[in-house]
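To keep things clear, I will list the structure first and then write my remarks on it.
The values are calculated or read from the model by the stated rules, or taken from the named source; none is laboratory data. Just so it is clear, the model here is predicted, and its values are computed rather than measured. Cβ sites come from the backbone with ideal geometry, for glycine too, and all protein chains shown count toward neighbours. Side chains are part of the model used for accessible areas, which takes the heavy atoms of the whole protein and leaves out ligands, DNA and RNA. Shrake-Rupley method; radii C 1.70, N 1.55, O 1.52, S 1.80 Å.
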Amino acid sequence: MTLSLSETTMTADPAAVFARLRAEQGHVAWVELEPGVGAWLVMGYDEVLTIARRERLYSRDARNWRLLRDGTVPPDSPLGPMMFFRDNVIGYDGAAHGRLRRPLDAAVGSIDQRRMRRSVERICGLLIGDFAVRGRADLVADYAVIVPMLAIADLFGLDTMRGHELLVAMQALFGSAEDAQDGNRRFEELLGEAMADRRRAPADDLTTALLHHPDLRGDSEVLQSMVVMVSAGYHTTISWIAQSLRLMLTDPRFAARVRGGRLGVDEALDEVLWRDPPMCNMPARYALRDTELGGRPIRRGDALVLGLAAANHDPRVHGGAAGGAPGAEPGNRSHLAWSAGPHSCPGRVPARLITRTAVETVLHRLPGLCLTVPADGIPLAPSPWTRCPASLPVSFPTPDAPPEVTHDR
Ligand code: HEM
């Protein structure tokens, strides 16, 4: 029976699932995205690099997906939001992609990191201040879900109130079908207002940087560039923060590494990108002609999912290294969490700054933090693409009371 892609994310032990799949099928495995919708899960490190880098053979443009063209995948498929064609930087190859990508790289390059760090510290401090007196919190719902959106909104010049509105709109957009349309409308409206403000009064922010980039043609391309940056950075950064906090609370070796100071935190964060990359499975590339990959026959129009988590666990990369565990070698950043090639993530600098600040602020402001459920009782948010804790209930001492329940392992 064909394995469903969700079985690689919704498991307590992804490494065991990858090992089994590899033993059965090699480094390129046939999996099911939805019942009746198959795709290749590319699990080999070199094979992921190949499909990410060779865009003349492996296109990013979903209009090349055979199962979409022949109607096997319906227009209202739940795969749509992640896999259908997008008229923005994500959807194009070659020169058309390069033109839409240059403004994003330039905008990210213009970020004043010291100022951004101060803003993120303020955001994290305020959120922790809101729940610190309670002595308990859910570090996902009360913190990890909120920090990235407020931080990214701030980069685009939206104040905290507008950042919260953006978060609500985004949650509706990804939530129930009923208010998804309204969420989408409000999301674009808020970013559109920021764009109009900056057109009138330029400022030192990403909105202004995009508005003045010569490669973007008109307001609609500026708006779509804002939309793609906010939405691409949102779930991924939540997951990086949540997975880092989960490991801090459940893995004493990791916790010691985080507490080792600034260098320690950065190295520990890289360990998370090896072990639990925020995008475990990244959709997708589409073969432009019949070919072969990892010994498997690939047909023109086949979808290939970038198995970033699986590739990080490729035994050919970790064979004899430090116990064979991904991320165990300090300073090794050759994981594939950001993917590779022309579409590789342009947001790594702000993503790291947000995540590092979020984790450090928890460390400084909430000493004595303990998980209030057993480590194996932490639920995962259901998704075939990511593997993010759905909640992290914790307790910590308040100025007048000790924590109530402790399950620190
Ligand atoms: C933990 C944080 C993040 C991770 C792990 C991550 C990872 C990724 C990955 C794997 C891709 C896909 C590459 C591909 O298709 O080959 C991507 C694309 C992208 N990311 Fe990120 N990302 C993160 C945060 C951010 C942030 C904060 C931003 C913006 C502020 C951002 C903006 C984008 C954009 C615009 C793309 C599309 C680029 C293109 O198609 O050329 N990401 N990211």
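Can you give the helix-only mean residue ellipticity at 222 nm for the chain, where every DSSP H stretch with n ≥ 4 adds -39500 (n - 2.57) and the sum goes over all residues, rounded to the nearest 500 deg cm²/dmol?
Numbers: 17 runs with 204 residues, N = 409.
Helix-only estimate at 222 nm: -15500 deg cm²/dmol.
For the range 5-395, with the dipole built from +1 on Lys and Arg beta-carbon atoms and -1 on Asp and Glu ones, taken about the Cα centre, which of HIS164, VAL362, ASN332 lies farthest toward the positive end?
About the Cα centre, the residue reaching furthest to the positive side is ASN332.
Take the eigenvalues of the Cα gyration tensor for the range 1-102, scale each by 5, and report the square roots as semi-axes in whole Å, largest first.
Ellipsoid semi-axes (Å, largest first): 26, 19, 12.
If you stretched the chain out fully between ARG56 and ALA180, how much longer would it get, using 0.36 nm times the residue separation minus the C-alpha to C-alpha distance?
41.1 nm
Taking a quarter of the surface of the Cα convex hull of the range 5-395, what do you get in nm²?
It is 18.8 nm².
Once neighbouring chains are kept in place and the probe is 1.4 Å, which whole percent of the accessible area of the chain is contributed by carbon and sulfur?
Carbon plus sulfur share of accessible area: 53 percent.
Quick check on the range 113-257: take the gyration tensor over C-alpha atoms, sort the square-rooted eigenvalues as a ≥ b ≥ c, and tell me if it's rounded (a/c under 1.5), prolate or oblate.
The shape class here is prolate.
Among ALA107, ALA201, ALA96, which one shows the biggest mean-square fluctuation in a GNM of the chain, springs joining Cα atoms closer than 10 Å?
ALA201
Roughly how far apart, in whole Å, are the Cα centres of the range 128-169 and the range 227-272?
17 Å
Going by average Cβ neighbours within 10 Å, how do the peptides 241-253, 114-126 rank, with the highest at the top?
Packing proxy ranking, top to bottom: 241-253, 114-126.
Could the peptides 371-379, 35-43 be put in order, highest first, of the mean number of other beta-carbon atoms found within 10 Å of their residues?
Final packing ranking: 35-43, 371-379.
Using +1 at the C-beta of Lys and Arg and -1 at the C-beta of Asp and Glu, which of SER244, LEU206, ASN281 has the Cα lying farthest in the positive direction of the dipole of the range 197-284?
The listed residue farthest towards the positive side: SER244.
State the antiparallel share, in %, of DSSP beta bridges confined to the range 5-395, rounding to the nearest 5.
Details: 21 of 24 bridges.
That works out to approximately 90 percent antiparallel.
How large is the dipole of the chain about the Cα centre if only Lys and Arg carry +1 and Asp and Glu carry -1, each at its Cβ, rounded to the nearest 20 debye?
Around 1020 debye, computed over the chain.
For the range 91-194, calculate the relative contact order in percent as a whole number, restricting contacts to Cα pairs under 8 Å that are 6 or more residues apart.
Averaging sequence separation for qualifying contacts and normalising by length gives 16 percent for the range 91-194.
Let me see the P(r) profile for the range 198-257: every Cα-Cα distance counted, bins of 10 Å, each bin given as a percent of all pairs.
19, 31, 19, 17, 13, 1
Grab the beta carbon distance between ALA16 and ARG253, set R0 = 30 Å, and tell me the FRET efficiency rounded to 0.05.
Once the sixth-power term is evaluated, E becomes 0.90.
Which one of ALA303, ALA106, ALA311 has the biggest mean-square fluctuation once the chain is modelled by GNM with Cα springs under 10 Å?
Between ALA303, ALA106, ALA311, it is ALA106 that shows the largest mean-square fluctuation.
Loop only per DSSP, at most 13 neighbouring Cβ atoms within 10 Å: give me the trypsin sites (Lys or Arg not before Pro) in the range 9-59, ordered by residue number.
Values: sites: ARG20, ARG22, ARG53, ARG54, ARG56; in loops: ARG54, ARG56.
Here the trypsin sites (Lys or Arg not before Pro) that fit, given the DSSP loop and packing criteria, are ARG56.
What is the spread of the Cα atoms of the range 269-380 along each of their three principal axes, largest first, in whole Å?
Over the range 269-380, Cα extents along the principal axes are 57, 32, 30 Å.
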